[in-house]
Amino acid sequence: MKKVGLFFGTFNPFHNGHSFMANHCLNECDLDEVWIVVSPQNPLKKNLEILDIYERIKIIDKSISNEKKIKICLDELKLPKPNYTVKTLQFFKKTYSKKKFKIILGEDNLYSFKKWKNSADILENFPIYVYPRNEKIDVGDFIIHDNLKILRNAPKIDISSTKIRDYLSKGIDVEKYLSKESFEYIIKKKYFIKS
């Protein structure tokens with residue numbers, strides 16, 4: 001049975017940190033593939049200025065074009081809105097019954113996980129690997145569960161999509177945070193750049 005890591009996100013935009021996380025999880029979390037599951041709209045990020053989904057997909061495609069085990073998954077585009085992760089997971093289990101799914105989560109999403117629809121069911125049925133952003137994750141009153149695995153020894157990544165958007169809006173160079181092709185595309189399209 002093929003083991004697939006589901007890396008959910010808005011990816012606004014996808015950057016080198018996302019690529020690094022996907023590759024680290026491939027190597028450390030007993031996965032055969034990672035699927036980048038592009039969310040058309042995160043129900044918890046209603047006011048965020050988000051690029052058109054097809055533009056986000058183009059940027060991801062440019063970023064992972066050389067990756068054999070990392071793929072873009074567009075299934076959420078077919079599902080009814082809003083895109084709740086629990087509904088997507090139900091769809092995956094039914095559609096890809098010969099695959100075993102695990103979830104890859106950035107630390108920033110850990111803190112909002114309790115607000116996800118049916119989060120307890122998700123945690124009960126799927127292993128969740130949390131990639132840390134800070135030196136020490138403060139889970140606070142988060143539920144401790146065998147399926148929640150924090151990758152404490154993972155190398156820290158000091159970049160986020162929010163920071164990239166902010167830097168671009170201020171005219172700060174972001175080339176080192178993006179693949180060459182996606183950087184050139186974002187600059188050509190003037191995405192996130194305030195004129």
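The values are calculated or read from the model by the stated rules, or taken from the named source; none is laboratory data. Since we're looking at a predicted model, the values are computed, not measured. A quick note on method: Cβ atoms are made from the backbone with ideal geometry, for glycine too, and the neighbour counts reach across all protein chains shown.
The residue list Asn23, Asn12, Asn42, Asn27 contains one member that is farther than 17 Å from Asn83 by Cα, surrounded by 15 or more Cβ atoms within 10 Å (Cβ to Cβ) and either of a type in the set (S, T, N, Q) or modelled with pLDDT under 95 (or both), which is Asn23.
Here's the yes/no breakdown for (1) under 11 Å from the mean Cα position of the chain (by Cα); (2) outside any loop (DSSP other than H, G, I, E, B); (3) over 16 Å from Ser179 (Cβ atoms):
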{"site": "Lys3", "(1), (2), (3)": "no, yes, yes"}
{"site": "Leu6", "(1), (2), (3)": "yes, yes, yes"}
{"site": "Phe14", "(1), (2), (3)": "yes, no, no"}
{"site": "Gly17", "(1), (2), (3)": "yes, yes, no"}
{"site": "Phe20", "(1), (2), (3)": "no, yes, no"}
{"site": "Cys25", "(1), (2), (3)": "no, yes, yes"}
{"site": "Trp35", "(1), (2), (3)": "yes, yes, yes"}
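In the set (1) at pLDDT 85 or above; (2) among the aliphatic types (A, V, I, L, M); (3) in contact with a Leu (Cβ under 9 Å, 6 or more places away or on another chain), the condition left unmet by Ile137 is number (1). With the condition kept exactly as written, say whether any residue in region 154-163 is without any contact (Cβ under 8 Å) to a residue 12 or more places away in the chain, more than 26 Å from Lys58 (Cβ to Cβ) and assigned to a helix (DSSP H, G or I). Within region 154-163, not a single residue is without any contact (Cβ under 8 Å) to a residue 12 or more places away in the chain, more than 26 Å from Lys58 (Cβ to Cβ) and assigned to a helix (DSSP H, G or I). Looking across region 109-124 at every residue that is of a type outside the set (A, V, I, L, M, F, W, C) and surrounded by 15 or more Cβ atoms within 10 Å (Cβ to Cβ), the one that is nearest to Ala154 (Cα to Cα) is identified as Asn109. Listed by first and then second residue, the pairs linking a residue in region 164-193 that is on the phi > 0 side of the Ramachandran plot to a residue that is among the basic types (Lys, Arg) and assigned to a helix (DSSP H, G or I), with Cβ atoms under 8 Å apart and 6 or more places separating them unless they lie on different chains, are Phe192/Arg165.
The numbered conditions (1) exposed (fewer than 15 other Cβ atoms within 10 Å of the Cβ); (2) in contact (Cβ under 8 Å) with a residue 40 or more places away in the chain; (3) over 30 Å from Glu184 (Cβ atoms) are all true for Thr95 except (2).
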